[in-house]
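What follows draws every value from the coordinates through simple rules; no lab data is involved. These numbers come from a predicted model, not from an experiment. Using ideal geometry, Cβ is built from the backbone for each residue, glycine included, and neighbour counts are taken over all protein chains shown.
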Amino acid sequence: MEPQAYCIHRAFEAAGPRLFRLDRHYFVYALEGSLRLEADGRRWTLPPARGALIEADHPVRISVPARFISASVLFDSAMFKPSQPLAVFDVSPLARELVRECRQWGRDDEDQTPHARQMFRALASVIGQLARTPSPCVLPVPTSREMMRALAMIEDAPADQPDFAVIARATGQSPRTLARRFASEMRMTGRETLQRIRIIHAVEILALGNASITDVALQVGYTSLSAFNAAFRQVMGMTPSQYRMAYRG
């Protein structure tokens with residue numbers, strides 16, 4: 001008989017999107033690499049800064065852009081009820097330490113000690129609370145082939161200053177049609193979409209490295225530190241320095 005909760009600690013090689021559904025609540029957490037999730041018309045990237053809590057039986061599409069090492073936890077659905085079917089959130093220092101502790105107990109550990117069960121219950125409580133404040137680092141999933149191609153062009157070079165007229169021609173549409181697609185499919189303008197992509201990229205750099213805030217700003221396309229701070233605060237509700245301090249505890 002499987003334990004109420006257990007950890008999966010393993011490496012996954014790069015793979016294209018596939019439908020994913022489990023009969024347990026699933027906390028996805030990356031130790032190395034990143035994962036891409038798509039569900040409910042939205043798309044997230046999960047670097048080690050972020051985790052996802054997926055409710056049992058909720059379908060998601062998962063792809064692995066490059067080698068990904070997971071320390072994810074599966075919970076029996078009777079243990080707790082997530083506040084929503086899928087929540088992606090910044091992982092707190094406490095949650096990371098609890099995951100670190102829970103990594104030692106896998107699916108085959110049927111006779112878990114009281115300490116092990118207590119650690120999993122504590123982790124469930126912490127991530128359940130974190131899931132109530134989802135990360136704003138999310139993008140809508142485009143519905144047209146043209147918008148998918150346009151978005152890919154921006155994401156391939158987020159630090160560049162894109163010429164939307166050039167992007168429109170490259171994707172076989174007029175600038176006016178491209179602007180309408182941004183509004184209808186992304187629910188943002190092209191410039192707002194670019195800013196969201198840049199801030200998502202900045203969050204990943206801040207979480208994974210020690211680059212200065214100025215260097216991070218330059219890497220994602222901002223030549224003005226004040227403009228970067230203002231854009232970051234607009235999306236994340238805090239400055240880059242405050243985010244880095246919160247992530248690292």
| remark: Here the range 113-121 yields Karplus 3J(HN,Hα) values (6.51, -1.76, 1.60; θ = phi - 60°; whole Hz; Gly and Pro given as x) of 6, x, 4, 4, 4, 5, 5, 5, 5
| Rg(Cα) / (2.2 N^0.38 Å) computed for the range 79-152, rounded to two decimals | 1.54
| Kirkwood hydrodynamic radius over Cα pairs of the range 56-107, then Stokes diffusion coefficient at 25 °C and 0.890 mPa s, in µm²/s | 181
| task | List the equivalent ellipsoid semi-axes of the range 5-130 in whole Å, largest first, each obtained as the square root of 5λ for an eigenvalue λ of the Cα gyration tensor. | result | 22, 16, 14
| the range 142-248 - Rg (one decimal) and Dmax (whole number), Cα, Å | 14.8, 45
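Which value does Rg/Rh take for the chain over its C-alpha atoms, Rh per Kirkwood?
Working: Rg = 19.3 Å, Rh = 19.3 Å.
My calculation of the ratio gives 1.00.
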| query | About its Cα centre, what dipole magnitude does the range 169-231 give when the only charges are +1 on Lys and Arg Cβ and -1 on Asp and Glu Cβ, stated in debye to the nearest 20? | reply | 460
| note | Burial-style ranking of 182-191, 127-136, 21-30, average other-beta-carbon count within 10 Å with highest first, yields 21-30, 127-136, 182-191
| remark: Surrounding charge for P158, neighbours by C-beta under 14 angstrom, Lys/Arg +1, Asp/Glu -1, total -2
